[in-house]
Amino acid sequence: MVKVQRIVLDVLKLHSPNGLEFSTQLAEKCPGCWFNFKVMEVDEKTETVIIVVESEDIPYEDVANAITAMSGTIHSIDEVEVISFDDVESVSAATDV
Amino acid sequence: MVKVQRIVLDVLKLHSPNGLEFSTQLAEKCPGCWFNFKVMEVDEKTETVIIVVESEDIPYEDVANAITAMSGTIHSIDEVEVISFDDVESVSAATDV
Amino acid sequence: MVKVQRIVLDVLKLHSPNGLEFSTQLAEKCPGCWFNFKVMEVDEKTETVIIVVESEDIPYEDVANAITAMSGTIHSIDEVEVISFDDVESVSAATDV
Amino acid sequence: MVKVQRIVLDVLKLHSPNGLEFSTQLAEKCPGCWFNFKVMEVDEKTETVIIVVESEDIPYEDVANAITAMSGTIHSIDEVEVISFDDVESVSAATDV
Amino acid sequence: MVKVQRIVLDVLKLHSPNGLEFSTQLAEKCPGCWFNFKVMEVDEKTETVIIVVESEDIPYEDVANAITAMSGTIHSIDEVEVISFDDVESVSAATDV
Amino acid sequence: MVKVQRIVLDVLKLHSPNGLEFSTQLAEKCPGCWFNFKVMEVDEKTETVIIVVESEDIPYEDVANAITAMSGTIHSIDEVEVISFDDVESVSAATDV
Amino acid sequence: MVKVQRIVLDVLKLHSPNGLEFSTQLAEKCPGCWFNFKVMEVDEKTETVIIVVESEDIPYEDVANAITAMSGTIHSIDEVEVISFDDVESVSAATDV
């Protein structure tokens, strides 16, 4: 049972929606996730941002769709952290949670 | 249920009110918030400051209005941290608080 | 209820009183405060020092007056940390202390 | 009784599968492992990534086979951490787990 | 009630007594103090050292006299940390100790 | 009673056995040891690696023999940590373990 | 009551005895001490090493004699840490140990 716990994305977005709205809308689509949004470079019409997502198991499709829906482009997946539970462990871990 | 826990703002302000008054007035408008105010560059009439706000859920409009009311200009939102609670979790978390 | 918890000051002072006397007299005027005094640059008649003050709620006027009384000049307030308690919280916090 | 607890690999891979799919498939083949996948350099058709694997005892063959099965090439094993248990200790450690 | 908790001194001393004897004799004059003595620069007849003193309340006169008695010269007081207790707190703190 | 707790070795080895096999075989010869093996430089036929060994008391001869048996050459012992127990302490420490 | 808790020595030694033997023999002469031995520079016949000694109270003469007995030369004492106990405290501290 594989869970994706952390993803770092390099994203190009328009100035609008701004970083706060962008992050908030992203979070609304991904219950249980924590987001850090950092502006790296600002150009005339766009800005390059690094978005870190952490969760018990990240719903990547939801993250990616939400970014696209706000006219953002995922340039690259810079980092991924996954954990693979043994089957027995994962069952007990699941009931714990 | 999305909560904004940290915002980093790049702000241009006049020398007056000074940093202490500026921070204090900002804090008065945002109960439950912690502010770090740091001067980055001083020019003849203005200064560039980085303001970090942390709270359980930051009332950004109040922060932005308070800055504007003191003749400050938000140049950019440099960083945002948001957390999205699962609905069940957020209810119990809310009653805890 | 707003409390100022940390202030960093850039101060120009004469060589006398020396750093130890300067810090001690400063502290005598501000019960409940912790001070770090660091010499950054020494010139012929003056020295530039960075003074960090931390307290549960810094009495800035007392700090500033004490510096002025020792012929020191506050060049700038480089950093400020303030916390704004919710009213309910601040009452219980006050009775705790 | 020797256990391999950490391996750092320098890997060349094609752009597809992307980092998330690559990491997830890798993890599926190695129950009980934690993976960090980081992109170091991107070229026209390939990318160089650093993969860190941690586990109680890493099944290296499974890791290597999974990488090869996704058309990845292990350029080098950059770092290895192994622990060698005394026989008595390892028995009790084994029953603990 | 003001207590000096840390002082950093820039000191010029002769090669003799050496750093170990210098530090030990300094400590003998200041019960309750901790000293860190670090050589920064060695010249033909002298050496520049940084001496850090920490204590619950540093007896600076004793430190300074002990340095002078060993032909050392205090070039500057580079850093000072003082704490100013509220009167009530300081009484209870005193009885605790 | 002297115990060697950490040794850092600069080793030249052939490409085969690879780092994983090299570390594992090394560990098999030294029960109770932890090894970190890091590749520093790769040449045509050889590679320079830094090997850190930690244990309650490192059997250096076993480590050195194992390295030599795999055609490795110890260029230098870069770092050593040893602890010397008082006799009384070491006896009780020994019975504890 | 003054205790020397840490000394950092800059030492010139011959290649033989090697770092492991050098450290071990040094430790045998100083029960209760911990040593870190690090090679800084290697020349044709000699090497410069930094030796850190830590103990509850370092017997410096024993350390210095052991270094000399192995043809080492102490270039300088780079750092010293001493603590001076109040008489009352030191008595109770002594009985604790």
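Before moving on, here are some points about what is shown:
- Residue match in the stretch A:58-70 (condition: out of contact with any Leu (no Cβ under 6 Å at 6 or more places or on another chain) and part of a strand (DSSP E or B)): no
- All of (1) away from chain A (no Cβ under 13 Å); (2) within 12 Å of the chain's Cα centre (by Cα); (3) within 15 Å of D:I74 (Cα to Cα) hold for D:R6 with one exception: (3).
- Residue in the stretch B:12-31 that is among the acidic types (D, E), within 12 Å of chain C (Cβ to nearest Cβ), touching a Ser or Thr at 6+ places or on another chain (Cβ under 8 Å) and not in a helix (DSSP H, G or I) present: no
- Within the option set A:D57, A:D78, A:D62, being modelled with pLDDT of 95 or more, more than 10 Å from chain D (Cβ to nearest Cβ) and under 17 Å from A:D10 (Cα atoms) holds for one residue only, A:D62.
- Answer residue from the stretch D:35-51, given it is buried (at least 17 other Cβ atoms within 10 Å of the Cβ) and not β-branched (V, I, T) and is farthest from the other protein chains (Cβ to nearest Cβ) among those: D:E47
- The one condition in (1) crowded, with 17+ Cβ neighbours inside 10 Å; (2) assigned to a strand (DSSP E or B); (3) among the hydroxyl-bearing types (S, T, Y) that F:S76 fails to fulfil: (1)
- Restricting attention to the stretch G:27-85, the residues that are under 21 Å from E:F35 (Cα atoms) and in contact (Cβ under 8 Å) with a residue 40 or more places away in the chain total 21.
- Residues of the stretch B:22-48 satisfying the condition of being charged (D, E, K, R) and over 15 Å from the mean Cα position of the chain (by Cα): B:E41, B:D43, B:E44, B:K45, B:E47
The values are calculated or read from the model by the stated rules, or taken from the named source; none is laboratory data. In this text the structure is predicted, and so the values were computed from the model without any measurement. Backbone-built Cβ (ideal geometry, glycine too); neighbour counts: all protein chains shown.
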